[in-house]
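Colleague: This is the structure I have questions about; it appears just below.
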Amino acid sequence: MNKINVLLLSGGESSEHEVSLRSASFIAQQLSQRPEIQLQQVVISKTGQFLDSQQAPCQLNMDKQLRLSSGEAIAIDFVIPCIHGYPGETGTIQSYFELIKLPYLGCGPEANNLCFNKISSKMWFDALGVANTPSLFLTELNADTLNQVEQAFDNWGSVFIKAASQGSSVGCYAVNDKSELSDKLSQAFTFSDYVLVEKTIKARELEIAAYEYQGEVIATVPSEIICPDNTFYTYEEKYAADSHSLTQVAAQNLTAEQIAQMQAYAITVFKGMKLRHLSRIDFFFTTEGEILLNEINTFPGMTKTSMFPQMLANHGHQFSDYLWDIIKRAVPYS
């Protein structure tokens, strides 16, 4: 019986390179449980070079052949682009897969790009009638735009400044002191050409895994991130081994109606924005009882502290079975 050659790509050129490697390690362990799969692993270096298991340059050709440093060529059947940030969640590498007609895990180029940009995603939330946080969009920093942000700060009391095209809280700043606005905006613009300024929301941070399994779109019950002293859930808190944040795979003290509303929002954006296979959809649940969609992650973290695989397991789906269901639907196997 022939095996399916699956290429696991990881790394990438973004600030999330190391986390991508850790996620890939988890995925490789899950795929090792499937005897039908022959796994090939390639790391994209921080300079964009494809490296094989010998840390030597390799390439994925347009004929779908992975050419290794040894000269061996392997016909690839399916790709898992385990790349947080660029070029994975931006849709860049998926455009190449589409060009060469190579099946892959995850959203297509356009859906990835829309969700990765916090400004375009909020426009879609509005269009789909999904409640989200009040905000301003900035394309440059000058005296006029700084004045707009200062006025918003006066109205809202405090703000979050976010680089529009970054993941895992990179380029995001909580600002409670008006005198810090100019400096934090300048820092955010070093990460992205566009910056989002949002009203600070006092809320619980809830996450739903929205994914496809056996042809059905599923939205799990929400999990919860509980940060120490209600602080911002930073990149370091997400992935540090000594993180002080707590997680609950099934959030407590929510009514059935509140859970159903979040699930309905999750499925609305999953289908409306043409997502595919997997996503983690993040919400704020305010002290006033409002449910506000925060953002969508089209390739959520897969490390040992990540919630996405845990939410699937809590829903009754083991991650290895989920991966195999996606792969066998994309690649004929007998």
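Colleague: First compute the accessible area of the chain with a 1.4 Å probe, then give the percent of it belonging to carbon and sulfur atoms. Please report the intermediate quantities before stating the final value.
Modeller: Values: 7060 of 14910 Å².
Carbon and sulfur together cover 47 percent of it.
Colleague: Sorted by packing (mean other beta-carbon atoms within 10 Å per residue), highest first, where do 169-179, 88-98, 138-148 land? Mind dumping the intermediate values first?
Modeller: Values: 169-179: 15.5, 88-98: 21.5, 138-148: 12.4.
By packing density, highest mean first, the sequence is 88-98, 169-179, 138-148.
Colleague: Please work out the C-alpha center-to-center distance from segment 86-164 to segment 183-198 and express it in whole Å.
Modeller: Cα centroid of segment 86-164 versus Cα centroid of segment 183-198: 12 Å apart.
Colleague: Another question, if that's okay. Could you sort out which of Lys202/Lys304; Lys122/Lys162; Lys46/Lys304; Lys178/Lys202 sit more than 21 Å apart by Cα distance in this structure?
Modeller: Values: Lys202/Lys304 28 Å; Lys122/Lys162 13 Å; Lys46/Lys304 23 Å; Lys178/Lys202 18 Å.
As for pairs spanning more than 21 Å Cα to Cα, those are Lys202/Lys304; Lys46/Lys304.
Colleague: Run the numbers for Lys274 and Ala174: contour at 0.36 nm per residue of separation, minus the present Cα-Cα distance, in nm.
Modeller: On the way: separation 100, 0.36 × 100 = 36.00 nm, distance 3.11 nm.
Result: 32.9 nm gained on full extension.
Colleague: Per residue, how much accessible surface does segment 263-334 expose to a 1.4 Å probe? Answer in Å², no decimals. Could the numbers behind the result be given before it?
Modeller: On the way: 2830 Å² over 72 residues.
Roughly 39 Å² per residue, with all protein chains present.
Colleague: What residues qualify as long-range amide H neighbours of Gln41, i.e. H under 5 Å apart, gap of 5 or more or another chain, H built at 1.01 Å from N?
Modeller: Leu8
Colleague: Now, a different point. State, to one decimal in nm, how far the label point of Ala73 lies from the label point of Met123, with both points 7 Å from Cα in the Cβ direction.
Modeller: Here the modelled spin labels are 4.3 nm apart.
Colleague: Then there is this: If each of Thr200 and Thr255 carries a label point 7 Å out from its Cα toward its Cβ, how far apart are those two points in nm?
Modeller: Here the answer is 2.9 nm between the modelled labels.
Colleague: Another question, then. At Gln148 and Gln248, where each label point lies 7 Å from the Cα along Cα→Cβ, what is the point-to-point distance in nanometres?
Modeller: 3.9
Colleague: If r is the Cβ-Cβ distance from Ser95 to Ser158 and R0 is 35 Å, what FRET efficiency results, to the nearest 0.05? Working shown, then result.
Modeller: Working: r = 39 Å, r/R0 = 1.10.
Plugging the Cβ-Cβ distance into 1/(1 + (r/R0)^6) gives 0.35.
Colleague: So if each residue of separation counts as 0.36 nm, and I subtract the Cα-Cα distance between Thr286 and Gln55, what length gain in nm does that give? Write down the numbers at each step before the final one.
Modeller: On the way: separation 231, 0.36 × 231 = 83.16 nm, distance 4.79 nm.
Going from the current span to full extension adds 78.4 nm.
Colleague: Could you give the dipole magnitude of the chain about its Cα centre, charging the beta-carbon of Lys and Arg +1 and that of Asp and Glu -1, in debye to the nearest 20? Display every interim value, and only then the final one.
Modeller: Details: 23 positive and 37 negative charges, 199 e Å.
Once rounded to the nearest 20, the dipole reads 960 debye.
Colleague: In segment 49-137, if the dipole is taken from +1 on Lys/Arg beta carbons and -1 on Asp/Glu beta carbons about the Cα centre, which of Leu114, Leu68, Ser135 is farthest to the positive end?
Modeller: Final value for the positive-end residue is Ser135.
Colleague: Just the number, please: percent antiparallel of the DSSP beta bridges in the chain, rounded to the nearest 5. Could the numbers behind the result be given before it?
Modeller: Details: 46 of 61 bridges.
Here the antiparallel bridges make up roughly 75 percent for the chain.
Colleague: Per-residue counts of other Cβ atoms within 10 Å, averaged by peptide: what ranking do you get for 208-214, 276-282, highest first?
Modeller: On the way: 208-214: 21.0, 276-282: 23.4.
So the order, starting with the most tightly packed, is 276-282, 208-214.
Colleague: May I ask you to order 49-61, 74-86 by the average number of other C-beta atoms within 10 Å around their residues, highest value first?
Modeller: Descending mean neighbour count gives 74-86, 49-61.
Colleague: For Met302, what residues show an amide H to amide H distance below 5 Å, using hydrogens built from the backbone and excluding near sequence neighbours?
Modeller: It is Ser23, by chain and number.
The values are calculated or read from the model by the stated rules, or taken from the named source; none is laboratory data. Since we're looking at a predicted model, the values are computed, not measured. Positions of Cβ are generated from backbone atoms using ideal geometry, with glycine treated the same way; all protein chains shown enter the neighbour counts. Only protein heavy atoms, including side chains, enter the accessible area calculation; ligands, DNA and RNA are left aside. Shrake-Rupley method; radii C 1.70, N 1.55, O 1.52, S 1.80 Å.
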